[in-house]
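Scroll down for the structure; my scribbles are underneath it.
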Amino acid sequence: MTAGLANGGKGAVALVILLTLAVLGWRLSARETRVAVHRPFDAHPKLFVEEASCPAEGNAFANGRRTEELARLRTDRYAYDPRDGVRAVRRYLEAESCYRAAGDDVGVHRARRAGAALAARVNTDYAAARLNLLNALERERWSVALTEIRRLLLLTDHIGRHEYVEWLSEIIGRVMVKARTAP
């Protein structure tokens, strides 16, 4: 009788665990569905997909130095304007292309390293802003959501028409109204 009770007890515990997991899974999927209905969850665009080339006119080495300097200046301004981080990565790619055309391997590696480091930083900030926006919307923290929408719109300014960018442009007005009326 003790063995039967032990097996029945294990079965009951397993049933309770399965029911708990099923309810938890249902609640999580309901939450994800609610969020996904209001915004494209995984439809965000990549920030850096275009190839860059060195301008055809002028000396390739001089163009590389000038473009790399512009990239450094934009990098310094990234803290103040997210668009400058995206522009700086583009300039580093151009500088790398110019150095390659000029046969300057040191310049190629320097521009590539600087561009890759900045691209990683910008992509990390982009991912953080998307996550912060999702959390702010779920928690109805409208002023935080508004800040993140503005940051995301600046980061994606160069992309143009994209489902995610259009969604951000659509919701900013509603979030702005809610941020103004929230206590």
Calculated FRET efficiency for the pair Y80/R113, C-beta based, R₀ 30 Å, to 0.05: 0.80
According to a simple spin-label model (label point 7 Å from Cα along Cα-to-Cβ), what is the distance in nm between V106 and A127? 3.4 nm
Give me the base-10 log of I(q)/I(0) for the range 47-183 at each q in 0.09, 0.16, 0.18, 0.22 Å⁻¹, Debye formula, one uniform scatterer per Cα, rounded to two decimals. -0.34, -0.80, -0.93, -1.19
A chain fully extended from F61 to R150 at 0.36 nm per residue, minus the present Cα-Cα distance, gains in nm 28.3 nm
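Values quoted throughout were computed directly from the atomic coordinates according to the rules given, and no laboratory measurement underlies them. Bear in mind the structure is a predicted one, so any value in this text is a computation, not a measurement. Every residue, glycine as well, gets a Cβ built from its backbone with ideal geometry; the counts of neighbours run over all protein chains shown.
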